[in-house]
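Please treat every number below as a calculation from the coordinates, not as lab data. Because the structure is a prediction, the values reported are computed rather than measured. Because the Cβ atoms are built from the backbone with ideal geometry, glycine has one as well, and the counts that use them run over all protein chains shown.
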2 protein chains.
Amino acid sequence: MATADLHIVVGAKLRNVGQRYTARRRALVEILERARQPLPIPEILDAGMSLAQSSAYRNLAVLEQAHVVRRVVTGEEFSRYELAEDLTGHHHHLVCSNCGAVRDVTIPTRLERSMERALDEVASDTGFAAVSHRLDLIGTCRACG
Amino acid sequence: MATADLHIVVGAKLRNVGQRYTARRRALVEILERARQPLPIPEILDAGMSLAQSSAYRNLAVLEQAHVVRRVVTGEEFSRYELAEDLTGHHHHLVCSNCGAVRDVTIPTRLERSMERALDEVASDTGFAAVSHRLDLIGTCRACG
DNA sequence: CTTCCTGCAAAAGTTTTGCATTAAC
DNA sequence: GTTAATGCAAAACTTTTGCAGGAAG
């Protein structure tokens with residue numbers, strides 16, 4: 001998606017939940033777009049815009065409610081944020097258990113489908129309405145290996 | 001696994017990393033065994049044993065290093081702990097996005113295998129050594145649905 | 001002009017650490 | 001008897017909140 005289109009879609013999502021699309025929020029979205037992987041708050045703050053930490057947390061919470069970003073918890077000290085799958089497409093994460101690095105990855109559609117089917121079945125067997133899934137690979141990245 | 005055998009295995013795992021298997025740690029293991037799903041610290045402390053909060057955190061960290069327990073982060077306020085898969089077998093989690101409840105679940109072996117294969121391939125394509133995976137279903141449980 | 005966003009500072013809440021005491025080996 | 005685990009209290013650290021000032025519609 002081109003950045004201009006991205007802003008249009010994000011703006012619409014924010015208006016849907018009664019929120020404005022301010023300069024700060026636009027900058028946050030662009031930082032996450034460029035990153036192409038989930039970023040922790042400190043990296044977001046160091047990315048060049050001058051933004052108060054409290055505003056970062058508040059804006060990311062708003063963007064999450066608007067389904068613009070997703071919070072990714074990895075067990076590290078800070079949670080990470082990425083653009084929501086509505087905007088980037090469905091994907092999974094490689095997580096390095098040594099350094100904590102996270103990298104986006106996709107798996108074959110065929111497998112994605114059969115997983116989806118099996119999960120729906122497993123969920124409904126236990127009275128659970130499955131909405132989505134989260135699949136992470138834990139291992140060691142090239143730098144740490 | 002019978003509880004008696006469990007204690008033998010856990011004791012061995014702790015000795016492997018130069019740690020003792022004390023009464024507190026035994027009690028923690030039994031609480032997690034009975035729970036059959038990942039418990040947050042407050043529930044562990046309320047489970048009847050009188051254990052200082054700091055000791056709970058310290059002991060769970062030791063048990064994690066010894067590969068006796070696994071820390072499960074769900075994005076809730078508290079992290080949760082469960083017995084490691086070495087002891088309970090490989091499984092996944094249903095996570096209720098409303099109330100945060102977590103329930104253990106297994107998926108068909110066939111699917112588990114093809115997922116494993118695909119993930120190894122995806123990982124090695126990106127210079128990543130995949131060790132394990134984590135698959136959660138996000139949805140709403142019966143009580144919240 | 002009214003409403004909401006922003007920054008600063010302080011609070012809240014989870015997890016970690018220091019230290020004296022007690023238990024394990 | 002020596003080494004390590006425990007409880008208590010306090011600290012550290014991430015995230016949230018209150019409030020006054022400024023931007024957006």
So what's the gap between the Cα centers of region A:68-101 and region B:47-65, to the nearest angstrom? 29 Å
Return the distance in nm (one decimal) between the two label points of a simple spin-label model at B:Y57 and B:T88, each offset 7 Å from Cα along Cα→Cβ. 2.3 nm
Inter-copy spacing of A:V131 label points, which lie 7 Å from Cα along Cα→Cβ, given in nm from shortest upward: 3.2
Label 7 Å beyond Cα on the Cβ vector: B:G89 copy-to-copy distances, nm: 3.7
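How much net charge surrounds B:H133 when only other residues with a Cβ under 9 Å from its Cβ are counted (Lys, Arg +1; Asp, Glu -1)?
-1
By the scheme Lys and Arg +1, Asp and Glu -1, what is the net charge of all other residues having a beta-carbon under 15 Å from that of B:S54? Before the final figure, lay out the partial values.
Values: positive: B:R24, B:R25, B:R58; negative: none.
Overall, the nearby charge balance is +3.
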Once amide hydrogens are built 1.01 Å from N within the peptide plane, the residues lying 5 or more places from B:V72 or on another chain with amide H under 5 Å from its amide H are B:R80, B:Y81, B:E82
Given label points at 7 Å from Cα along Cα→Cβ, what nm distances, shortest first, separate A:R110 from the same residue in every other copy? 1.4
Show me the GluC sites (Glu not before Pro) within region B:27-115 that DSSP assigns to loop and that have at most 10 other Cβ atoms within 10 Å of their Cβ. B:E77
